[in-house]
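Each reported figure results from applying straightforward, stated rules to the coordinates on display, with no laboratory input. Predicted model only: the values in this text are computed from it and were never measured. Reconstructed Cβ throughout: ideal geometry from the backbone, glycine too, with neighbour counts over all protein chains shown.
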Amino acid sequence: MSTGHPQRVQSMFDRIAKRYDAFNTVASFGRDEAWRRLAVRLAAPEHVDRALDAASGTGKLAAALATQATHVTALDFSNPMLQRSMPLLAAQGLSTKVASIQGDVLALPFPDATFYCATIGFGLRNLDDIPAGLAEFKRVLKPGGRLVVLDIVKPKNIVSKAVYTIGFRGMLPLVGWALSGSRTAYQYLPNSVQRYLTPPELVAEMTDAGFRDVSYRNLMLGSIALHSGRV
């Protein structure tokens, strides 16, 4: 990932790597695993050869993607995050099937038309140039290849807004602080969502980047969005 303050944000993710998975499970009320499975079904409805999971974090989405791909590349800008993925991949017998690479979504270190599908979970909103990131995904995907984006969004209806404001903006930074000891890191999370595109805006950006059949579905009372499109 790359952001307006890349070194500061990279350092932040490095610090919270050990508690990142625990926080995601608490924040999603245990639904994060189901979301990853759904993302994989959209990205690779049939088995593919090569797949990319960008902003891979601790590797859970990459591991899920490996059920539908022969080879998976897990890319993240945080080396401590990638190191946290090693025991998970080893425990599932995926150490040789999933290759972990440190790198930047805005400058993907792969030739054109390398992958049959790509996923990015909870990372697109952290890019300081989302159109450039989408262009990179399009570049490395083969014709017909699918991109799936899973991320947090600002909900629209009254009930969801209340849950978002009280829970996500109010309580979850405190939960993250308790789990990781880093209050600043988890205050960054709701702030990044405030700056993120709405689901229809991301549809437009993906379409402008050259993706076809772009659609999205809302999850968790509209606070999570799952976008998909084809090259």
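Considering ARG146, ARG125, which residue is touching a residue at least 24 places away in the same chain (Cβ under 8 Å), under 23 Å from ILE224 (Cα atoms), of a type outside the set (A, V, I, L, M) and in contact with a Phe, Trp or Tyr (Cβ under 6 Å, 6 or more places away or on another chain)?
Details: ARG146 fails: in contact with a Phe, Trp or Tyr (Cβ under 6 Å, 6 or more places away or on another chain).
One residue alone meets the criteria, ARG125.
Only one of (1) at negative phi; (2) surrounded by fewer than 23 Cβ atoms within 10 Å (Cβ to Cβ) fails for THR73. Which number is that?
(2)
Please work out if GLN92 is more than 19 Å from GLY229 (Cα to Cα) and more than 12 Å from the chain's Cα centre (by Cα). Quick ask: steps written out before the conclusion?
On the way: more than 19 Å from GLY229 (Cα to Cα): yes; more than 12 Å from the chain's Cα centre (by Cα): yes.
Yes: the conditions hold for GLN92.
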